[in-house]
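These notes are about the structure you will find just below.
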Amino acid sequence: MQNKSFFKLTNNKYQSFFKHWVLECLTIALLHYIIGEAIYIVSRAITSKIYGVYDPSNPSNPNFMILDSGFDNWLPFVKEFIIPYTTAYAYWVIGPFLVYGFMGRKRFYQFIVCSITINILSVIIFVLLPNGIAPNFRPIITDEQAKSNFLYSMCQWTFTTDSFDQTFPSGHWCLCLLLMHAFRGSYFKKNIKCSQRITAWFLWIYGILVCLSTLFVKQHYIFDGFLSVALCELGYVFFTKSAWGQNVAGTFEKYMYLFNCKLGLIKDKNIQPCWSKDKNKFKSKKFWLIYIVWFIWIGLTFFCFWETQWFIQEFLLNVSVFSIWLVGVYVYYFFHSLYVTSKK
């Protein structure tokens, strides 16, 4: 396993890397999402068991900290920032593919491992220091405003679906900062290709807009951002500069590569897929284990979020993520089969 970059390959290696780029990124992104969601569900279950469910109508709840400041109250509410706030999900989906394509597999796995680690640290913080935002911090959007302006409608939907607790640190800030860190070294160096430099600056500028949007649409306090910056900076330095951190990321990369080979998504002449003797033929039955895991995950979503305001949001999000992964895999193999047929 070499740290290859898509834009440094010769033509005869293009097809092999493209398969790794598409299928490996899709699978690891799905796994990364499942781990993040599992951590989120566990943290919510633990905090609700210990401290009870956060009631935003009771701002004097002694179990939850409100980390507001005069700066947060001074910042105005700007409805236009709801656009980068809600489109951040597309930014997070596309970002890892760009990291893999431009920066290589090594940096891609450092990003994934660092993100998982920060999620775990966030759970510890949520449990030890339960936190939330004050109910009067978010502006009240009336139905008349929502009907008259689409941006107000988006804000109203966001305020309804997003929870009031577990805001310190901010997930929006952490993921954006990690993607910006992943392209560190691509902003000012002279020997960087124009396409890589443009991509790096795009991720940086859009990431800044997403971070600012959390403040201007009243979803986070400034202290949530400060902690996110500290966690991401420490995580980046640890997993990219220290020998122990690089070994952890390298070990994760090794086992994920083996997992993809065993699943049959990536072909390696030294690794036989688990449930297909014919390595050159794609069979949908390879994915029976993934189907089972997905149905279990949907069941877990029903169990944890049933009769809560987040049920529809979480259910649709889980279905969408898995469907995108599955469709991506099948589409790739469909066009790959056409390519192979045309060569015969």
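Every number in this text was worked out from the coordinates using simple rules, so none of it is lab data. Quick caveat: nothing in here was measured; it's all calculated off a predicted structure. Please note: Cβ atoms are built from the backbone with ideal geometry, for glycine as well, and neighbour counts cover all protein chains shown.
Would you mind counting up the charge near Asp72? Only other residues with Cβ under 13 Å from its Cβ, with Lys and Arg at +1 and Asp and Glu at -1.
Summing Lys/Arg as +1 and Asp/Glu as -1 gives 0.
When the chain is fully extended, how far beyond the present Cα-Cα distance does Ala146 get from Leu75, taking 0.36 nm per residue of separation? It would help to have the intermediate numbers written out before the result.
Details: separation 71, 0.36 × 71 = 25.56 nm, distance 2.19 nm.
Extending this stretch completely gives an extra 23.4 nm.
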Report summary line: Output ordering of 100-109, 224-233, 145-154 (per-residue mean of other Cβ within 10 Å, highest first) is 100-109, 224-233, 145-154
Query - Inter-label distance, nm, simple model (7 Å from Cα along the C-beta direction), Met65/Leu234 - result: 1.3 nm
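Once you have the Kirkwood Rh of the stretch 63-172 from its Cα pairs, apply Stokes-Einstein at 4 °C and 1.567 mPa s and quote D in µm²/s.
Numbers: Rh = 16.6 Å.
Stokes-Einstein gives a translational diffusion coefficient of 78 µm²/s.
Order 241-254, 80-93 from most to least packed using the mean count of other Cβ atoms within 10 Å. Please report the intermediate quantities before stating the final value.
On the way: 241-254: 14.3, 80-93: 17.4.
Descending mean neighbour count gives 80-93, 241-254.
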